[in-house]
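Below is one structure; the comments refer to it alone.
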Amino acid sequence: MAYVAEGYPKKKKKLCSALVRHFKHSDVAKQSLFKKQEQLRIPHQSLVQCCKTRWNSIYLMLDRLLQNRTSILNVLTDRIVTSLYIAQKLETTESQWFKIEILVNLLKPLYIVTNLFCSENYSPASIVRPLLTQLMENHLKEKENDDQNVTYFKRIIIHEIKERFKLDWNETSSVSVKQIASFLDPRYKDLEFEPIGARGEIRKVVKDLLEKFRTQNINLEQEPPVQRSDLEFLYGNIIIDNNEISIQFQNYIAEPQLRFDLNSFEWWKLRQNKYPALAELTKQYLAIPATSVSSERCFSTAGNKVTSKRTCLLTKNVNMLIFLYQNRELLH
């Protein structure tokens, strides 16, 4: 993704970066921009500069420029604020603005998907393959009115996504952790986003994992109630034990799929007694985050806490400071 965002088109990126740099370095231009925003009744927004190590910043830069297009042009055409030399140097044609708009529309779904994957609150590994499939089918499909650059962009993105996340399936493919997690997520358990050949293999692997629980003598069965109802007493052994692993598995498959915007953790919380074996397996797989961003943020927090002036902090104190910072929202 970063490769494509950097490569298409480079000239537009350089021009946009120069435009943002001008308003960042010139306080007169910045204040004039705020005044133009007030006149157009839009909120004060500083322009965003892109960063080479964060491809999402390219989208943020272009999107912010597009939102403030009229304000920027008003400032650049004001000779009291902007000299003719600078205005000519930063001149952006109608065709270039149109291409920026196209690029913003292309990058927006990628930006949204990245944010969903990197969220710390609710981004299990189960969402990766379904959301990438939706991204490719709903936002990266080629259209008749796409020009050559847009078509090339979409093809490269789809190719890179499939290669990076191994979305294609063939006879030699093995079931991944993300596929197991998706099956155990009630929002994606029907595996509609997976190739037909992969669905049976995923279910088979999950069933084998459940059988391993049994062979390892893990007690996942609910204790029978002390007092049985009159009907249970009369029927006796005819009553089917709903806690049998095979029955749990079949009943889970028969459950209606949860809507994509609902909370799968809450769903499992209410049904962990109904599917105790599956619930134990789910705790292992839905606890896996979609990305390593959360842990990387933790390292960044540690770097901010342990500075050159605080090198004598004890390890336990550093751990406590990081813990308190990461959970600061729960302390209020």
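The values are calculated or read from the model by the stated rules, or taken from the named source; none is laboratory data. A quick note: this is a predicted structure, and the numbers were derived from the prediction, not measured. Virtual Cβ from ideal backbone geometry, glycine too; neighbours counted across all protein chains shown. For accessibility, only protein heavy atoms count, side chains too; no ligands or nucleic acids. Shrake-Rupley method; radii C 1.70, N 1.55, O 1.52, S 1.80 Å.
Brief remarks follow.
- Angle in degrees between helix 27-39 and the longest Cα principal axis of the chain, rounded to the nearest 10: 70
- Multiplying the residue separation of ALA287 and GLN67 by 0.36 nm and removing their Cα-Cα distance gives an extension gain of 75.3 nm.
- Positive contributions from Lys and Arg (+1) and negative ones from Asp and Glu (-1), summed over other residues with Cβ under 13 Å from the Cβ of LEU73, come out at -1.
- Stretch gain in nm, segment MET320-THR93, where the contour uses 0.36 nm per residue and the Cα spacing is subtracted: 76.3 nm
- Helix-only mean residue ellipticity at 222 nm for the chain, each DSSP H run of n ≥ 4 adding -39500 (n - 2.57), per residue, nearest 500: -19000 deg cm²/dmol
- On a per residue basis, the convex hull of the C-alpha atoms belonging to segment 258-332 measures out at 151 Å³.
- Each Lys or Arg adds one and each Asp or Glu subtracts one; over the other residues with Cβ under 14 Å from the Cβ of GLN326, this totals 0.
- Here's the list of aspartates and glutamates a cross-link from LYS189 could span, going by alpha-carbon distance under 12 Å and ignoring same-chain residues fewer than 8 apart: GLU255.
- Degrees separating the helix 94-118 axis from the principal Cα axis of the chain, which is the longest one: 30
- Label corresponding to P(r) over Cα pairs in 10 Å bins from 0, in percent when calculated from the structure given, among [x] 5, 18, 21, 21, 18, 10, 5, 2, 1, 0; [y] 6, 23, 25, 18, 14, 9, 5, 1, 0; [z] 5, 21, 29, 26, 15, 4, 0: [x]
- Efficiency of FRET from Cβ geometry, ILE86 and GLU201, R₀ 56 Å, rounded to 0.05: 0.35
- Entries in LYS166/LYS274; LYS52/LYS99; LYS14/LYS52; LYS108/LYS154; LYS13/LYS178; LYS13/LYS162 that, when Cα-Cα distance is taken, lie over 24 Å: LYS166/LYS274; LYS13/LYS178; LYS13/LYS162
- Burial order of peptide ranges 36-48, 13-25, 100-112 (average beta-carbon count within 10 Å, highest first): 100-112, 13-25, 36-48
- Calculated on C-alpha atoms, the gyration radius of segment 38-115 divided by its Kirkwood radius gives an Rg/Rh of 1.01.
- Seen from all directions on average, segment 90-185 presents a Cα convex hull projection of 8.7 nm².
- Placing +1 on the Cβ of every Lys and Arg and -1 on the Cβ of every Asp and Glu, with nothing else charged, gives the chain a dipole about its Cα centre of roughly 2040 debye.
- For the chain, the share of accessible area belonging to carbon and sulfur comes to 53 percent (1.4 Å probe, ligands and nucleic acids excluded).
- For the peptides 130-137, 274-281, 49-56, the ranking by mean Cβ contacts within 10 Å, running from highest to lowest, is 274-281, 130-137, 49-56.
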